[in-house]
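Have a look at the structure below before the remarks.
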Amino acid sequence: MTSQPIQPAFRERVAPATERKVELTIDGRKVAVPEGQTILDACRALAIDTPTLCYADNLTPVNACRVCVVELEGARTLVPACSRKCEPGAVVKTDSERVRLSRKLVLELLASSVDLSTTPSLDP
Ligand code: FES
């Protein structure tokens, strides 16, 4: 008995989604992450430090603080890295002037209503 080779289309259908990779570029560096991961996950895979406040690994992203925003080529607005899924061919900037200004504004607004002296790791 000879075995039939598995057709690529069938292999695609039965492969678990976690085995599929999505390739994107972050700050000029290419990275491939499992499908379904966020831009924050991809940043962490590249050891790019992306700030977060309302995100935790064991919580559903709520997009509340917007301190994790990054610039996504082709997107009109900055996108939250903690919840935005990686898209094939995406080009992301995590340290542009626009990103830095937005993060600074978020922290300034936060500092205007919350005493940040108890969080020494925050330095707006
Ligand atoms: S960490 Fe708060 S919106 Fe992403």
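The values are calculated or read from the model by the stated rules, or taken from the named source; none is laboratory data. The shown structure was predicted, so the numbers you read here are calculated from the model rather than taken from an experiment. Here the Cβ is made from the backbone with ideal geometry for all residues, glycine too, and neighbour counts use every protein chain on show.
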I need a count of the residues in the range 88-124 that are at pLDDT below 95 and in a loop (DSSP other than H, G, I, E, B). 8
Every residue in the range 42-70 that is polar (S, T, N, Q) and without any contact (Cβ under 8 Å) to a residue 24 or more places away in the chain, please. ASN58, THR60, ASN63
Taking the conditions exactly as written (modelled with pLDDT under 95, touching a strand residue (DSSP E or B) at 6+ places or on another chain (Cβ under 6 Å) and not aromatic (Phe, Trp, Tyr)), does THR18 satisfy them or not? yes
If you go through the range 75-93 one residue at a time, do you hit one that is within 13 Å of the ligand (Cβ to nearest atom), in contact with a helix residue (DSSP H, G or I) (Cβ under 8 Å, 6 or more places away or on another chain) and without any contact (Cβ under 8 Å) to a residue 40 or more places away in the chain? yes
Top-ranked residue in the range 36-74 [being β-branched (Val, Ile, Thr) and under 20 Å from SER96 (Cβ atoms); ranked as nearest to the ligand (Cβ to nearest atom)]: THR52
Identify, from the list PRO51, PRO88, PRO61, the residue that is more than 22 Å from THR119 (Cα to Cα) and surrounded by fewer than 19 Cβ atoms within 10 Å (Cβ to Cβ). PRO88
Selection from the range 64-85 of residues that are surrounded by 14 or more Cβ atoms within 10 Å (Cβ to Cβ), over 10 Å from the mean Cα position of the chain (by Cα) and not in a strand (DSSP E or B): CYS65, ARG66, VAL67, LEU78
For the range 28-41, what are the residues that are closer than 13 Å to GLY89 by Cα and in contact (Cβ under 8 Å) with a residue 12 or more places away in the chain? ARG29, VAL31, VAL33, GLU35, ILE39
